[in-house]
Each structure stands twice: as structure tokens, then as C-alpha cells.
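The values are calculated or read from the model by the stated rules, or taken from the named source; none is laboratory data. Keep in mind that this is a model prediction, so the values were computed, not measured. Cβ atoms come from the backbone with ideal geometry, glycine included; neighbour counts cover every protein chain shown. The accessibility values were calculated without ligands, DNA or RNA, using every heavy atom of the protein model including side chains. Shrake-Rupley method; radii C 1.70, N 1.55, O 1.52, S 1.80 Å.
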Amino acid sequence: GIEAYQDGAEATELYLTHLQTHEIDLEALIVVKTIDEFLREESGEAKDPALGWPERAAKLLGLTEAVLSRTGWEQKISDGLNSEDRQTFWTATEAARMLDIDAWDVYFERLKRGEDLWYFVMQTNDSDRFDRGIRFAEETLPLKDIASGPSDSVGLGPEFRHHSALDCVLQELRRFPGKGWTLIRAGLQSPTVRNRNMAVQALQAWDRTAWPTEAESLLTSAIEVEPKDDTRALMVNALDGESS
């Protein structure tokens, strides 16, 4: 860690000073933002006088702010998000996250083109966007094939790509009670343990009044055939109304 580098604060100041007169790319932007977040932490190495950070903090934050406030970052991020180069895209994705730039529409369009961006699409608090993600999952994931029955599989490998996509949706359904029952139903009958666990955890997070009428009977049937002790216990707790 940075605490092992006695000259870390001084070196960081020299680095940030150097950047002031140079055009930099998104990778450097991410580094600067990381430094900025480190300096703003309420505890830890950034507050240790012995390491020299507190006495330099005001100047360092001025230097990070000068870089972060430059014009043109949004355009660079937009160009990166629309790049066909995977590394450029992922760098832009991280930069967008750090600068709180809304890139959901880009993620959704690329998902529709066949890219594996389910996680990013489902990371939204917007109900309409969440519904669009659910509808797309219902329309494109082979739910009948996924619901082939339980096993002790962890679901690794390309043959489980649809199950992995379902993971990304199921883990967010707990935040929106009553949404995505068809996906939960498939997850409860999936051969992958993660699908089943996440499906149960979604139901467990919902108020019982949000459960569809068939949920209790399906969960009861799932308990009878569940091969994993931990998952079966999770199902029993959900059926009994106990929180995870």
C-alpha cells in the first residue's frame, strides 16, 4: 500500500504538477480521480501526518481539481463508450462511473447488439429503465432451457453464459418488489446454484404481498428437489418468512 512508500505524498505532488501542462487520456483521468478520492477519505493513510499527506492535502486537492474540471472529459468518455476496442470501452466505463456520467443508454444499446453488459444495464434506480432491462431479459434469455432442474453446478464456462446473464438480473430484483417473476421462476429451477440462491434472495427481500400466487407452491416444490443444503435452508427460510 501507499503507506509503504515514504515519499508517496511528494511523488504524488510531482506527478500531479506534471499533469497540469499535459494533455492526458482517460487512464490518467482515472488515476487522478483515484488520488482525489484517496485524499478525501475520512481516515487511513491520507490522514497520517507521518506520511506527509495532511500537510500537502490542500495543494494536492487543488491539483486534482484542476485536472478533473478540465473541459472535454464528457466527449472523451462518450467517444470511448462508443469505441469498438474493448479496452478503450472498459476504460471509458470506469471513467464514466467515477465522474457520475450517465451511460445507461449506451450500455443498453450495446447489450441489444449482443455484448455482455447485463450487469451495467441492471445497475439503475430508474424504474422505467429497470423495466426495459427486465423485458429484454424475458424476451431474449432462453428461460425454458435455463429452468432445466437443479444441480450442484457453479455455472462456469461459455455454456452457462445465459445463466450468468440471469444472475445479473436476479441479484437486482430484490430492489424492485413484484418485478421479474418469470425470471425468478426460471432461476428457482436453474441448474446453477447462484441462479437459485439469487432467485430465493429476491423473493426473500419482497414483502409477502408482492409474491405471485404460484410462488409459494413453486418454492415448496423446489425445496423437495434441492441438492444443496445451504440453498435448501435459504428456501425454507424464505417460505417461513425469515430474512436472510
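Go through (1) farther than 17 Å from Tyr15 by Cα; (2) free of Cβ contacts under 8 Å to residues at least 60 places away in the same chain and name the single condition Leu60 misses.
Every listed condition holds for Leu60 apart from (1).
Among the numbered criteria (1) modelled with pLDDT under 95; (2) of a type outside the set (Gly, Ala, Ser); (3) surrounded by 15 or more Cβ atoms within 10 Å (Cβ to Cβ), which one does Glu94 miss?
Here Glu94 meets the rest and fails (1).
Only one residue in Ser190, Ser221, Ser164 is under 20 Å from Asp131 (Cα atoms) and of a type in the set (Ser, Thr, Tyr). Which one?
On the way: Ser190 fails: under 20 Å from Asp131 (Cα atoms); Ser221 fails: under 20 Å from Asp131 (Cα atoms).
Going through Ser190, Ser221, Ser164 in turn, the sole match is Ser164.
Within region 31-40, does at least one residue satisfy the condition of being at pLDDT below 95 and among the acidic types (Asp, Glu)?
Checking region 31-40: not a single residue is at pLDDT below 95 and among the acidic types (Asp, Glu).
A quick yes/no check of all residues on (1) open to solvent by 20 Å² or more (accessible area, probe 1.4 Å); (2) assigned to a loop (DSSP other than H, G, I, E, B):
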position	(1), (2)
Thr182	yes, no
Ala186	no, no
Leu218	yes, no
Ile223	yes, no
Glu242	yes, yes
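Of the residues Ser148, Ser190, which is small (Gly, Ala, Ser), open to solvent by 50 Å² or more (accessible area, probe 1.4 Å) and either under 16 Å from Met235 (Cβ atoms) or touching a residue at least 12 places away in the same chain (Cβ under 8 Å) (or both)? Full working, then the answer.
Details: Ser190 fails: open to solvent by 50 Å² or more (accessible area, probe 1.4 Å).
The unique qualifying residue is Ser148.
Could you grab me the full set of residues in region 157-168 that are in contact with a strand residue (DSSP E or B) (Cβ under 9 Å, 6 or more places away or on another chain) and either within 15 Å of Leu188 (Cβ to Cβ) or not in a helix (DSSP H, G or I) (or both)?
The answer is His163, Leu166, Asp167.
Please verify whether Ala137 is within 27 Å of Asp230 (Cα to Cα), at pLDDT 95 or above and either part of a helix (DSSP H, G or I) or within 18 Å of the chain's Cα centre (by Cα) (or both), treating the condition exactly as stated.
Against the criterion (within 27 Å of Asp230 (Cα to Cα), at pLDDT 95 or above and either part of a helix (DSSP H, G or I) or within 18 Å of the chain's Cα centre (by Cα) (or both)), Ala137 does not qualify.
Condition check: of a type outside the set (A, V, I, L, M), crowded, with 17+ Cβ neighbours inside 10 Å and modelled with pLDDT of 95 or more. Does Trp118 satisfy that?
So Trp118 passes the test.
On the given criteria, is Gln20 within 27 Å of Thr93 (Cα to Cα) and over 29 Å from the mean Cα position of the chain (by Cα)?
Against the criterion (within 27 Å of Thr93 (Cα to Cα) and over 29 Å from the mean Cα position of the chain (by Cα)), Gln20 qualifies.
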